Every structure is written in structure tokens, then in C-alpha cells.
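Nothing in this text is a laboratory measurement; each read-out follows from the coordinates by a stated rule. Keep in mind the model is a prediction, meaning the values are calculated, not measured. Quick reminder, even Gly has a Cβ in these numbers, built from the backbone with ideal geometry, and neighbours come from all protein chains shown.
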Amino acid sequence: MLELQNVSFTVAEESAEKEIVRELSLTIPDGKFVVITGPNGGGKSTLAKLIAGIEKPTAGKILFRGEDITALGITERARKGIAYAFQQPVRFKGIRVLDLIRLAAGKQLTVADACEYLSGVGLCARDYIDREVNASLSGGELKRIEIATVLARGAALSIFDEPEAGIDLWSFQNLIEAFRRMRQTITGGSILIISHQERILSIADEIVVLKDGKIDRQGARDEILPSLIGTSSAVQECRVGQKGGAVC
């Protein structure tokens with residue numbers, strides 16, 4: 001279980017300090033699929049980075065499975081079981097997809113085992129297993145490979161910061177299916193996604209609406225989602241753009 005207790009995050013600006021997250025308290029139980037949404041500039045991505053350890057809160061505590069991890073960095077939190085997927089996945093020239101999945105799993109997986117993880121995110125394993133994680137891969141391919149590494153790792157808490165950003169419509173549809181499968185297969189682990197997308201919100205267990213650095217609403221999907229539909233500042237739906245790309 002993840003618990004945030006009165007967490008705040010303030011940054012210094014030219015003439016004053018700006019509070020991005022304000023005395024926020026939130027609990028994410030084990031085995032839940034939670035989506036955090038809300039208007040742009042509400043503090044969503046900052047909150048994800050605070051949980052992952054990329055940023056440190058200026059006030060409050062973060063507890064993970066009963067342990068105070070407030071002072072721990074991203075590496076220490078990763079060792080505790082927290083995985084973080086960036087908006088723009090990192091490319092690794094010279095590292096094969098197989099190597100990356102083995103690193104994530106922390107053991108010498110067989111090729112067949114690694115292929116199962118790729119198949120689980122809708123990729124034809126034989127076409128990707130020996131490819132380098134470099135610029136030859138599209139944004140959608142990188143996103144799904146990153147999800148495959150998260151599946152291989154089996155983290156207690158997996159965080160995805162706007163996974164739909166910058167990918168085409170076809171890749172977005174496959175991304176949704178990957179999250180559906182991930183949701184169905186998690187056993188005790190939790191998934192936390194930062195997203196505006198209605199289709200991602202629609203497969204969540206719980207939805208948290210963040211506004212001005214504070215929780216505006218929180219509850220079960222069936223309770224919160226109907227009130228968000230049609231609110232363009234909080235929820236978007238992918239549509240096909242002029243060149244066939246997804247506008248998310």
C-alpha cells in the first residue's frame with residue numbers, strides 16, 4: 001500500500017515560491033488500478049515524480065508498505081518495488097529488447113520467456129526480440145516494450161505518466177489492450193496512471209481528480225467517470241488527425 005500524508009511540493013520562481021502540490025493525502029491500496037486525471041497544470045506529473053522519487057516533497061511523508069520512503073531516491077524506491085514509466089521512454093543504443101527485458105526481470109530469462117512478455121503487449125516477439133532499443137523504434141513500439149519490461153519486473157507499484165503522449169491511434173489502441181491485460185493479470189501489485197484519456201479512465205478501479213495541487217474528487221470509476229465525461233479540461237478521447245495520427 002502506498003500512502004501520502006499531507007505532501008506538498010514547492011518550487012522557487014523569480015519573485016515568489018509556487019506550491020504545485022498542496023498538503024495532499026492519498027492512499028493507493030494493493031491490487032488496485034488507479035488513474036489520476038484533472039486539468040493541465042494541476043500537479044499530476046509532479047505527483048507521479050514525487051511517488052517515484054524523482055522529486056522530493058518539501059513537506060509531508062510518503063509511506064510504502066508501512067515504510068517511510070520520503071528521503072529515498074528513485075534507485076532506492078525501485079529496489080523497494082516501485083516502477084516508473086516516463087512520458088517519453090528512454091532509448092538505449094546498443095541494448096537489445098531481449099537484454100532490456102532480462103535486466104527488468106533481474107534474472108536470465110529464456111528467449112521464450114521474454115517473448116511471452118512482448119506478446120502480452122501485442123508485439124510479434126520474433127520481430128522485436130533482437131532489435132536495439134534505439135531510434136528505429138516508433139513511440140508506440142517503445143511504450144509497449146516499456147510496459148513489457150514492467151510486466152517482467154513484477155513491481156509492487158507501477159507508475160505510468162501519460163503513456164498515451166505522442167503515439168499514433170493504432171499504437172494507442174494496442175496500448176489500451178496492453179493495460180487491459182495488465183489489469184487482469186496483476187496479483188497484489190498496483191497500477192497508477194496519469195492520464196486524460198477516457199478509454200484509460202474507463203478501465204480503472206478508482207479515479208482521482210487533481211486540481212490546483214489538491215484532490216478535487218476521488219472514488220470508484222462508476223462514481224467519478226460520469227461526472228467527467230464531456231469536461232474537456234479533465235478528459236479527452238483520442239481521435240484521428242488529418243494525417244492519421246492520434247490527437248490525444
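For the reader, a short list of remarks on this structure follows.
- Some residue of region 182-197 being among the charged types (D, E, K, R) and touching a helix residue (DSSP H, G or I) at 6+ places or on another chain (Cβ under 8 Å): no
- If the condition is being without any contact (Cβ under 8 Å) to a residue 60 or more places away in the chain and within 18 Å of the chain's Cα centre (by Cα), then region 79-95 contributes R79, P89, V90, R91.
- Of all residues in region 123-144, those satisfying the criterion of being in contact (Cβ under 8 Å) with a residue 40 or more places away in the chain, surrounded by 11 or more Cβ atoms within 10 Å (Cβ to Cβ) and part of a loop (DSSP other than H, G, I, E, B) are N134, L137.
- Scanning region 57-78 for residues that are without any contact (Cβ under 8 Å) to a residue 24 or more places away in the chain and part of a loop (DSSP other than H, G, I, E, B) yields I69, T70, A71, L72, G73.
- Taking the criterion of being over 13 Å from L47 (Cα atoms), part of a strand (DSSP E or B) and either in contact with a Leu (Cβ under 9 Å, 6 or more places away or on another chain) or not small (G, A, S) (or both), the residues of region 3-26 that qualify are V11, E17, K18.
- Checking each residue in region 154-182 for being closer than 22 Å to D205 by Cβ, in a helix (DSSP H, G or I) and either in contact with an Asp or Glu (Cβ under 7 Å, 6 or more places away or on another chain) or small (G, A, S) (or both) picks out F172, L175, A178.
- Test: residue in region 179-190 that is under 21 Å from P29 (Cα atoms) and touching a strand residue (DSSP E or B) at 6+ places or on another chain (Cβ under 6 Å): yes
- Flag if E14 is surrounded by fewer than 16 Cβ atoms within 10 Å (Cβ to Cβ) and not aromatic (F, W, Y): yes
- Residues that are assigned to a loop (DSSP other than H, G, I, E, B) and in contact with a Gly (Cβ under 8 Å, 6 or more places away or on another chain) were ranked within region 39-55; the one that is nearest to V21 (Cα to Cα) is G43.
- Set side by side, the residues L98, L118, L151 differ, and just one is assigned to a helix (DSSP H, G or I), closer than 30 Å to L26 by Cβ, in contact with a helix residue (DSSP H, G or I) (Cβ under 6 Å, 6 or more places away or on another chain) and without any contact (Cβ under 8 Å) to a residue 40 or more places away in the chain, which is L151.
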